[in-house]
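Reviewing the structure listed below.
The values are calculated or read from the model by the stated rules, or taken from the named source; none is laboratory data. Everything numeric in this text was worked out from a predicted model, so none of it was measured. Glycine also receives a Cβ, built like all others from the backbone with ideal geometry; neighbour counts cover every protein chain displayed.
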Amino acid sequence: MEFFLDTANIEEIKRINRLGLVNGVTTNPTIIAKENRDFEEVIKEICSIVEGPVSAEVIGVTTNEMVKEARVIADWAPNIVVKIPMTEAGLETVNILSKEGIKTNVTLIFSVAQGLMAAKAGATYISPFVGRVDDIGEDGIELIQNLKQVLRNYQYTAKIITASVRTIGHLEKAAVAGADIATIPGTLLPKLWKHPLTDNGIQQFLEDWKRVPKRFETLL
Ligand code: G3P
């Protein structure tokens, strides 16, 4: 499973990148707005840190607006993926861009039908929002399982990015369901490697070590 970071915060990206855990980055207008920086500048900086795909979202609504923006954004770096919202104009945009070799990530997917449409239109990635599906009383992970099955049934090449990941459970269940990628907020990721029993175990080992004669430390 690939891990993308769902953030535009440079410190978070650098910290997690040092662990070798970052395969890509996703952003959206909300995430960009949090950084209070120029859109192009921050995206280019992320692209210079991370080798993998970096998603940057269009804000246009019509096909013409989105295609125009996408062509500009795609030129910023070789690893750019243009994020397009799941609308009729969005599907038309994806179809045009895919023929130009521009990679796309269709975002705000909440149903199997939407995911299937995006894959058919030529999306490189599709982003179902598990947390927001749960928010409306449906099952976000079931959506991932069903999308995985449908893409497999018809051998679509679109990869599933599990988005709106809020909990460790979301990540674990998306992995079990076979989602290709999970995009994880920078604040959630450190919780994935923490466990209270690990911390207790380390504490206990350090306590017990105090009873061992001190020859090893003198070698350091
Ligand atoms: O990956 C999409 C994400 O940025 C939205 O997350 O928690 O606002 O639904 P959330």
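Brief remarks follow.
- Any chance Leu151 is aliphatic (A, V, I, L, M), surrounded by fewer than 22 Cβ atoms within 10 Å (Cβ to Cβ), under 22 Å from Gly24 (Cβ atoms) and in contact with a strand residue (DSSP E or B) (Cβ under 8 Å, 6 or more places away or on another chain): yes
- Look at the range 151-164: where a residue is closer than 11 Å to Ala123 by Cβ and a partner is within 16 Å of the ligand (Cβ to nearest atom) and in a helix (DSSP H, G or I), sitting 6+ places away or on another chain with Cβ atoms under 9 Å, you get Leu151/Gly115; Ala158/Gly115; Ala158/Ala118; Ile160/Gly115; Ile160/Ile144; Ile160/Leu147; Ile160/Ala174.
- Selection of the range 93-107 for residues being over 10 Å from Thr124 (Cα atoms), away from the ligand (no atom under 16 Å from the Cβ) and either touching a Pro at 6+ places or on another chain (Cβ under 9 Å) or β-branched (Val, Ile, Thr) (or both) yields Thr93, Ile96.
Let's see how each residue does on (1) at pLDDT below 95; (2) surrounded by 19 or more Cβ atoms within 10 Å (Cβ to Cβ); (3) over 26 Å from Val176 (Cα atoms):
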residue	(1), (2), (3)
Phe4	no, yes, no
Thr26	no, yes, no
Thr30	no, no, yes
Glu35	no, no, yes
Phe39	no, no, yes
Val58	no, yes, yes
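- Taken over the range 17-38, the criterion of being out of contact with any Phe, Trp or Tyr (no Cβ under 8 Å at 6 or more places or on another chain) and either within 19 Å of Leu192 (Cβ to Cβ) or within 13 Å of the ligand (Cβ to nearest atom) (or both) is satisfied by Asn17, Arg18, Leu19, Gly20, Thr27, Asn28, Pro29, Thr30, Ile31, Ala33, Lys34.
- Checklist (1) among the β-branched types (Val, Ile, Thr); (2) out of contact with any strand residue (DSSP E or B) (no Cβ under 7 Å at 6 or more places or on another chain); (3) buried (at least 19 other Cβ atoms within 10 Å of the Cβ) applied to Val81, failing item: (2)
- Subset tally (residues that are within 13 Å of the ligand (Cβ to nearest atom) and either under 19 Å from Phe3 (Cα atoms) or out of contact with any Gly (no Cβ under 6 Å at 6 or more places or on another chain) (or both)) for the range 110-143: 12
- Exactly one residue out of Ile160, Ile168 is within 16 Å of the ligand (Cβ to nearest atom) and surrounded by fewer than 23 Cβ atoms within 10 Å (Cβ to Cβ): that is Ile168.
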